[in-house]
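The values are calculated or read from the model by the stated rules, or taken from the named source; none is laboratory data. On a predicted model such as this, the values are computed, not experimentally measured, just so you know. Glycine gets a Cβ as well: all are built from the backbone with ideal geometry, and neighbour counts include every protein chain shown.
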Amino acid sequence: MSRYHIGFIMEQALGHVTHTKNLRANIAAHPEIDAHWGLVQFEMSGLATRIPGYGNWTLRAGVRARRAVNHIARNTAL
C-alpha cells in the first residue's frame, strides 16, 4: 500500500480549532496518510506585540503559515 505524506497548515482561530480537531480525527483513520501538521496560532506575545502591522491577522497568519511550511519541508518530503 502506498503512503502519502500530506502537510496541513491550519489556523487556530475561532471555528478553525474545531475544524482542525475533526480533520485530525478523520485523517487518523486512514493509515495510508502520514499527516504533517502546522498549527498557526492566533495569539501574540512578547516582541511581536510591538512590531507595527504585525497585529494584522492576515499578515501575521501569512508569516506564521510560511514558517510552518518551511519547517515541515525541512523535516519531510511531501
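Could you list, in sequence order, all residues of region 50-74 that are surrounded by 10 or more Cβ atoms within 10 Å (Cβ to Cβ) and farther than 20 Å from LEU14 by Cα?
Taking region 50-74 as the starting set, the residues that turn out to be surrounded by 10 or more Cβ atoms within 10 Å (Cβ to Cβ) are 51, 54-57, 59-73.
Matches in region 50-74: ILE51, ARG66, ARG67, VAL69, ASN70, HIS71, ILE72, ALA73.
May I ask you to list the residues in region 1-60 that are at pLDDT below 95, β-branched (Val, Ile, Thr) and either in contact with a helix residue (DSSP H, G or I) (Cβ under 6 Å, 6 or more places away or on another chain) or not in a loop (DSSP other than H, G, I, E, B) (or both)?
THR49, THR58
Among residues belonging to region 27-78 that are in contact (Cβ under 8 Å) with a residue 12 or more places away in the chain and of a type in the set (Asp, Glu), point out the one that is nearest to HIS16 (Cα to Cα).
ASP34
Can you name the residue in region 1-16 that is among the aliphatic types (A, V, I, L, M) and more than 20 Å from ILE72 (Cα to Cα) and is also surrounded by the most Cβ atoms within 10 Å (Cβ to Cβ) among such residues?
Filtering region 1-16 down to residues among the aliphatic types (A, V, I, L, M) leaves 1, 6, 9-10, 13-14.
Then drop every residue that is not more than 20 Å from ILE72 (Cα to Cα), which leaves 1, 13-14.
Numbers: MET1: 4, ALA13: 13, LEU14: 9.
Looking at the filtered set, the residue picked out is ALA13.
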